[in-house]
Every structure is written in structure tokens, then in C-alpha cells.
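Right, one structure below, let's go through it.
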Amino acid sequence: MPSMLLYDSTPLSLMILRNQKVIANRSKIFIVMEILVDNIARNGWLKEDEARKYFQQLICDVDYCHSRGVCHRDLKPENLLLDANGVLKVSDFGLSALHQQVQEDGILHTTCGTPNYVAPEVIQIKGYDGAIADL
């Protein structure tokens, strides 16, 4: 099934949230996504080894996106989801940028993201490297 933005048959691509179906009419678009479980909210703080596992999955997810020319630009806890098997899923690519959007100077210039999570360089007028801002 196609992903919201990226999907192929490699195991890393399974960490990107998948669409199950897209239904549209003249005024609305409905996206049916896979069902995810919010384990962390129900169980509270993570143990260090579990947090490390999710952090490693996040770094792999972000590297997967960057290797395909996609910068997420809105990474935050609300956009990191867990499936029923405890696999981290990156969601909400609405603010993402493709490598084709990089200006002639080699950087992005659109200020975007969630204010409490945005990298400082994104809100400066000078522009920024989207991949670095994701980290």
C-alpha cells in the first residue's frame, strides 16, 4: 500500500505511517490510515532501554526520509506513533520539503513547524538546511 509520502518494500519503510485508502469527493479528501496504539501515554515514563530503542528507530526513520530527499520539518512527540508491535511510526508529512524545494543557495527558506519544537535556525531569516533542522 502506498505511504502518505514514502513507501517501498524495505524494512525501514515499515516505520513510515501507511495509508490504507484515500476517498475523495468534490469538497473533501478522506485518508484512512493504519491503526496505531499510543502506548507511552497509557504507561507513563519509559525505561532507558526502551527509550533508546525508540530513539534508534526515530534516527533510522529520519535517515530513511533524508536518504530519499525528504525533510520532515515538524518532528515532535505528537507525530511519533507506535503500532501494536511497538514499532515507531513517523506521521504527518504536511510540512515536509523535498530536495527539489531547496533554493539555489542550497538551503530552505520557508519558516514552518510547531513553535515549541522548531529548530532555532528555521525561524531566522537566513535560511536553513532541512535535514539538520530535523535533527
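The numbers here are math on the coordinates, done by the rules we state, and not lab data. What you see is a predicted model, and the numbers here were worked out from it, not measured in a lab. Using ideal geometry, Cβ is built from the backbone for each residue, glycine included, and neighbour counts are taken over all protein chains shown.
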Full extension from residue 107 to residue 129: what is 0.36 nm times the residue separation minus their Cα-Cα distance, to one decimal in nm?
7.4 nm
Footprinting proxy, 128, 54: sorted fewest to most Cβ within 10 Å, the residues are 54, 128
For residue 21, go through the aspartates and glutamates and keep the ones whose alpha-carbon is under 12 Å away, minus same-chain ones fewer than eight residues off.
34
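Under 25 °C and 0.890 mPa s, how fast does segment 36-134 diffuse according to Stokes-Einstein, given a Kirkwood radius computed over C-alpha pairs? Answer in µm²/s, whole number.
On the way: Rh = 14.6 Å.
In µm²/s, the coefficient rounds to 168.
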